[in-house]
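A short reminder: the numbers here are calculations on the coordinates, not readings from a lab. Keep in mind that what you see is a predicted model, and the values were worked out from it rather than measured.
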Amino acid sequence: MYAVIASGGKQQKVSQGQVLEVELVEGAEIGKTVQFRPVLAVDGDSVVADEAGLGKVTVEAKVLGTTKGKKIKGFTYKNKSNQRKRWGHRQKFTQVEITSIKAGK
């Protein structure tokens with residue numbers, strides 16, 4: 001069984017036991033359980049994609065910790081005006097392990 005979850009404006013395909021990085025989940029402490037909103041659930045031959053069916057599906061994950069992504073560097077300038085700006089960004093992620101995907105009847 002697998003599901004497609006929505007987290008941080010992105011969608012990811014997950015299955016039970018998978019470890020993945022999602023955008024930072026506020027208030028999530030190490031060892032706590034968080035729930036994700038499923039967008040699609042597939043159980044063998046049946047596919048659940050409607051709101052009524054997805055209301056019964058739960059996707060739970062255990063928080064393993066936080067990580068940082070790759071450093072992104074940028075540089076902007078304007079010609080002939082001595083205007084220069086260096087900037088950088090490093091995205092923070094929450095590392096989670098999918099513990100269960102349950103489809104209610």
Between (1) 38, 17, 10; (2) 28, 19, 11; (3) 41, 13, 10, the structure-derived semi-axes √(5λ) of the Cα gyration tensor in Å is (1)
With contacts defined as alpha carbon pairs under 8 Å and 6 or more residues apart, what's the relative contact order of segment 2-103 in percent?
34 percent
Derived scalar couplings ³J(HN,Hα) [segment 53-63; Karplus, 6.51 cos²θ - 1.76 cosθ + 1.60; whole Hz; x for Gly, Pro]:
x, 6, x, 8, 8, 10, 10, 10, 9, 9, 7
Skipping prolines and chain starts, which residues have an amide H placed within reach, meaning under 5 Å, of the one on Val25, given they are 5 or more residues away or on another chain?
Thr94
XL table Lys32/Lys70; Lys13/Lys71; Lys70/Lys92; Lys13/Lys70; Lys10/Lys68; Lys62/Lys102; Cα-Cα > 19 Å flagged, in table order, is Lys32/Lys70; Lys13/Lys71; Lys13/Lys70
CD proxy, 222 nm, the chain: helix-only mean residue ellipticity via -39,500 (n - 2.57) per DSSP H run with n ≥ 4, per residue, nearest 500, stands at -500 deg cm²/dmol
Val57 long-range amide H proximity, modeled H, under 5 Å
Gly104
